[in-house]
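Okay, so here's the structure we're looking at.
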There are 2 protein chains.
Amino acid sequence: MSPTLPQNAIATVSLRGTLEEKLKAAAVAGFAGVEIFENDLIGSALAPYEVRAMLDDLGLACMLYQPFRDFEGMPGDLRRRAFDRAKAKFDLMDELGADRILICSSCHPAALGERERIVDDFRELGDIAQQRGIILGYEALAWGRHVNDHRDAWAIVEAVDHPHVGIILDSFHSLSRNIPNDSIRAITGDKIAFVQLADAPLLDMDLLYWSRHFRNLPGQGGLDVEGFVAEILRTGYDGPLSLEIFNDRFRSNAARLVAEDGCRSLDYVRDAAKRLIDQPTDMPAPQPVLSAEFVEFTADGRDAARLGSNFATLGFTLVGEHRHKKVTRWRQGGVNLVINAEPKGFASAYRAAQGTAICAIGVRVKDKAAVLARAAALGIKAYSPEGRPGRLAMPALRGVGGSLVYLIDADEVEGLWAREFHATDGDAGVVGADARSIDHLAAVVHNDEFLSWQLYWRALFGLEARAAQDVIDPSGLVHSQALQSADGAFRVTINATDARETLSARFLDHGIGGGYQHVALITDDIFATAQALRDEGAAMLDIPVNYHADLAARFDLDDAMIARMADLGILYDEDSDGAGFWQLYSRAFDKLFFFEFVQRANGYAGYGAPNAGVRLAAQNRFRPEATPTATL
Amino acid sequence: MSPTLPQNAIATVSLRGTLEEKLKAAAVAGFAGVEIFENDLIGSALAPYEVRAMLDDLGLACMLYQPFRDFEGMPGDLRRRAFDRAKAKFDLMDELGADRILICSSCHPAALGERERIVDDFRELGDIAQQRGIILGYEALAWGRHVNDHRDAWAIVEAVDHPHVGIILDSFHSLSRNIPNDSIRAITGDKIAFVQLADAPLLDMDLLYWSRHFRNLPGQGGLDVEGFVAEILRTGYDGPLSLEIFNDRFRSNAARLVAEDGCRSLDYVRDAAKRLIDQPTDMPAPQPVLSAEFVEFTADGRDAARLGSNFATLGFTLVGEHRHKKVTRWRQGGVNLVINAEPKGFASAYRAAQGTAICAIGVRVKDKAAVLARAAALGIKAYSPEGRPGRLAMPALRGVGGSLVYLIDADEVEGLWAREFHATDGDAGVVGADARSIDHLAAVVHNDEFLSWQLYWRALFGLEARAAQDVIDPSGLVHSQALQSADGAFRVTINATDARETLSARFLDHGIGGGYQHVALITDDIFATAQALRDEGAAMLDIPVNYHADLAARFDLDDAMIARMADLGILYDEDSDGAGFWQLYSRAFDKLFFFEFVQRANGYAGYGAPNAGVRLAAQNRFRPEATPTATL
């Protein structure tokens, strides 16, 4: 019943544009085929035979025609009309070159739920379809009137027992209703006519509204699509996996971006599913990021010197100079910052586009070759200056905002630093600041790319998504998604907003594509660190007195501690188990990027979300409009 | 328990910006007072006494401090801490000059639901509050753990029976849970400590998510806020009505816009509520729009001539020339189009900003003086060129996109045309086109103003909102809201989108603030009209053949009719009762605005929403990028 090779497909409704634009984007992204969504065809000026010719030219198969609604269980004359409609669509499919059609469970108020009648309807239409060489796929809509569960759809398909009638499984319709994935084991693989996949954020709302507006790609939401696909593969199904995504933002996003991410998400989910059931997979396993080894800033001339001074006031010591390049290394505990002032190369190009900025991060992994191979399999581009990636000391992948992610094997780290840099006996930074390692990196991206970068980190490195947060900037809502390695040793947050006046939006406007705005450092004694920074005159963010007055009312902290936190500008949060989290922010360098010191106690796992609004309000007081000459 | 005068208030959370910006916006818009939302104070650099001074300077009362969470029913040490927290907030309120506090029903997992314990808690805190001159207001959150219904909150307040403990009613919390408004009759007016109002679109989703993201102003959603307020007024409550709106868009919208609309919405809802219970109200009753009398286009030179030719091909006849101005009148049945080519005055100024465009509409009303008085009461500006509105033949109000709405008394219409225009014996337009009257006008506005213009039409003219529609443009989702007079004789749709490449967005980009894009005309014989237009070579929008093939499958229409519809480019829709609707579109004039002919049968009440995507796809084929020299 299904084609012979696992293939990636996408429903045209998932992409922006005219039908022609959708098909081209799907072909360019590497899909093997498409589902033709009826409304896209109806609105198109291309006749079905012209669509077929275009599909042939593009090398795309027409894998499904969809949807056909309100077919089964109709009484009287409505039944005749349903069959007439179906025959008209079979004619159309013949022109189009489509051999299977999605029949979704009826929502019609007149539809009857009697099982026998529905079975008869499918058997009769199956005979007609067989004569036309067409396969019917029956899908249980989550909001179907009588059939809204794939177990019921399967019972019907099994009873119909017709060679041209199968079931279509759609992850959203099943997972949105919490139907257990293992119920798929009852289904015979060769009776699965097609598989549609969509993920979605976990929201508690009307199923139809959720489905029509919030679906996203596998690896972008909170549904167990991997487990769903694993059970399907276990049945022996080896046909296409196809994306059917209704998402307000995807409708206006560049089709190229969504199509590329779509292919990536299917490759990712197929690989993840195979691992769950120990099936062989071509792709190397995801390599967790062990830690962030360094953050690279691009800056030249006076800016590079100012940036170095800024690092020094924050407790960093100049510990190395590159042997051949205008690159310096600054260190505090296990945290390395690099300033790249080279007039050529990637950092220079990035600087030309974004100004002084974080242009790269370096991450420790166990096996960088495996990461590169997995990236290649996922279509994530390696950075290749002048086509000679081999010359690089460290291979790199493209990352947020056009920055790079350098890959370093854990066992080569010390050797690399020693080989590339000679040690300096530069002045030590502030004594007493004791950042130990990088806690997390915070990136700001265009809202159109918010989901895209989540997929990147999850698919490539197996990072896990935490609960999404809405952060209240005084000028609007910012969406924030934290991702982290299983052990929490590497964490990144992705932030995006539609509100044009927020700090995030202003950061985006500054450059061309966002990037990292904020580096959080772990300290084991935030009070000592804060005092040391204060003593050396570091420019830290003032936190208003009202905040600490409220803190005293909210938490059982002793007055002396609160007074000290107020004095030093330290923020505090506590989870429901009483685990504490302290935060201290630097003022932003040229209003661009800033540092945070954090201290985590007793396994506090969050990011101080309740304090984000206070931090943003404080930063907002240094808006360019308000104080054009001040340094934030 | 309540202040002596009905007053408008707003919670600071409803507005964008820093606390200072929020307070200023509230004062400028005319609010009498504010609720201080705790997070806004906590994030502010102003100490409470400074906020108090600022409120005094601005003439704003601090009417409520909110919210105080998780107070009642706490066991053991948590109870002690809840009381300590409350006392700390009383100190703060003293500094701030706030005499009442909102205590929302507890969501704390440890909170106990025993009624007696809760009553004791309030009685004990009430005693403390009384000593401090503070009133406690208890509000049932819709998602409260034990108390989530104002009837339960009232039972507790009644049992507490303390002079400093009252109830706070919030329309969202009650109406979102379908609690009957008449249950408010059980409440004693002098025990109502405060009233918060919010409307919301009717969506079926988790109450907390709905509340935090989708609330809007009374008159912008689908809740019966008028009925809610009516029952509150009936109790004798004469205190403030206050807005507490959590809305993603309001967080980034200009505070000035939201604050002005907020005052307007409170004035509107108070007036509507008083009418429901036959209480006297200062505001004149809303005057329904009887019909759209004319649409005025601004164009000069060659454009004015081209536009006239365009009108002629669409069946309009030049029937009049203004006696003193370069203004012509075109007519078809009861539809009047006016071309204003004056080099001075409003049309000229509009043209300078927006180019050739619809700059005004004229509407028939029974009593224009009453409309003007109501508009003034609602803060809707009258158009007053050079401060001399008295000189105008027709008074006008500001409308969408900076256009005008001229007001004409029904009994003066014919006299006005005769007085201002002399008849011409210009060439007749296409014979056979037979538009009878204007069916509806479609406006495109910035998404930030989408709700604002709904409030305008509802509050000023009493238009009723129909179900909102999502329209699928190939480049993204467009939100569309239809509003109409009770008898359907005047209809307008408001359209907005965030998708930058949609036809709506491109229309917005052309000018400075949107406006009317599309005029739909009623005909009683759309086939004859279409044929006549065809015969005269009118530029009509081609509808793809696929559309009509699908129509044949969907509806029981005879083949000859479908063939004729396909030939003439006529679209069709049918409601569930079988009532039909036919549509025919002109190509847009310079890709800017276009006409539609519609025929309604058997009381079809919609706007052909299922066809909007097809129309947009067809118009999309004439995108400027695709065919830079073609006329849409």
Rounded tilt (10° steps) of A:301-313 against the dominant C-alpha axis of chain A: 80 degrees
Using alpha-carbon coordinates, inclination of helix B:450-461 to the longest axis of chain B, degrees: 80 degrees
DSSP bridge pairs, the protein assembly as shown: antiparallel proportion in percent, nearest 5: 55 percent
Within chain B, longest stretch free of exposed GluC sites (Glu not before Pro) [DSSP loop, at most 14 other beta carbons within 10 Å]: B:115-624
At 7 Å out from Cα toward Cβ: B:Ser348 inter-copy label distances (nm, ascending): 5.8
Chain A residue with Cβ closest to the axis mapping A onto B, distance in whole Å: A:Met205, 1
Footprinting exposure proxy for A:Arg302, B:Arg398, A:Arg264 (fewest neighbouring C-beta atoms within 10 Å first): A:Arg302, B:Arg398, A:Arg264
Likely footprinting exposure, B:Ile135, A:Ile277, fewest C-beta neighbours within 10 Å first: A:Ile277, B:Ile135
Computed label-point distance, nm, for sites B:Arg564 and A:Ala352 using a 7 Å Cα→Cβ extension: 6.6 nm
Alpha-carbon centroid distance for the pair segment B:467-505 / segment A:200-250, whole angstrom: 29 Å
Shielding score for A:203-212, defined as the mean number of other chain Cβ atoms within 10 Å: 3
Sorted by Cβ neighbour density within 10 Å, fewest at the top, the residues A:Trp154, A:Trp330: A:Trp154, A:Trp330
Residue list for segment B:579-609, given a label point 7 angstrom along the Cα-to-Cβ vector of B:Glu536 and an amide N cut-off under 13 Å: none
Average beta carbon contacts from partner chains per residue of B:473-483, 10 Å cutoff: 4
Phi-based couplings in Hz for segment B:56-73 (Karplus 6.51, -1.76, 1.60; Gly and Pro marked x): 4, 4, 7, x, 9, 8, 8, 8, 7, 10, 7, x, 10, 9, 6, 8, 7, x
Antiparallel bridge percentage (DSSP; both residues within chain A; nearest 5): 55 percent
Span from the segment A:404-423 Cα centroid across to the segment B:572-626 one, whole angstrom: 64 Å
Taking chain A and dividing mean pair separation by its residue count, relative contact order in percent (alpha carbons under 8 Å, at least six apart): 10 percent
Bridge type composition, segment A:291-423 - antiparallel percent by DSSP, nearest 5: 70 percent
Straight-distance crosslink candidates among lysines, where the alpha carbon sits under 25 Å from A:Lys22 and sequence neighbours closer than 8 are dropped: A:Lys89, A:Lys381, B:Lys591
Cα gyration tensor shape for segment B:190-325, rounded if a/c is under 1.5, else prolate or oblate: prolate
Shielding score for B:243-255, defined as the mean number of other chain Cβ atoms within 10 Å: 3
Value of [θ]222 nm, deg cm²/dmol, for the protein assembly as shown, DSSP H segments ≥ 4, -39500 (n - 2.57) each, nearest 500: -11000 deg cm²/dmol
Estimated vicinal HN-Hα couplings, Hz - segment B:23-38 in sequence order (Karplus 6.51, -1.76, 1.60; Gly, Pro = x): 5, 4, 4, 5, 5, 4, 6, x, 5, 7, x, 9, 9, 8, 7, 3
Neighbour-limited loop hits for trypsin sites (Lys or Arg not before Pro), segment A:111-183 (at most 11 other Cβ within 10 Å; DSSP other than H, G, I, E, B): none
Length-normalised contact order for segment B:150-244 - Cα pairs under 8 Å, 6+ apart - percent: 32 percent
Inter-centroid distance (Cα atoms) of segment B:308-359 relative to segment B:81-146, Å: 64 Å
3J(HN,Hα) from dihedral phi, segment A:324-335, Karplus parametrisation 6.51/-1.76/1.60, rounded to Hz, x for glycine, proline: 10, 10, 7, 9, 10, 10, 10, 9, 8, x, x, 9
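Every number here is computed from the coordinates shown, using simple stated rules; none is lab data. Every value quoted in this text rests on a predicted model; they were computed, and no experiment measured them. Heads up, the Cβs are rebuilt from the backbone with ideal geometry, glycines too, and the neighbour counts pull from every protein chain shown.
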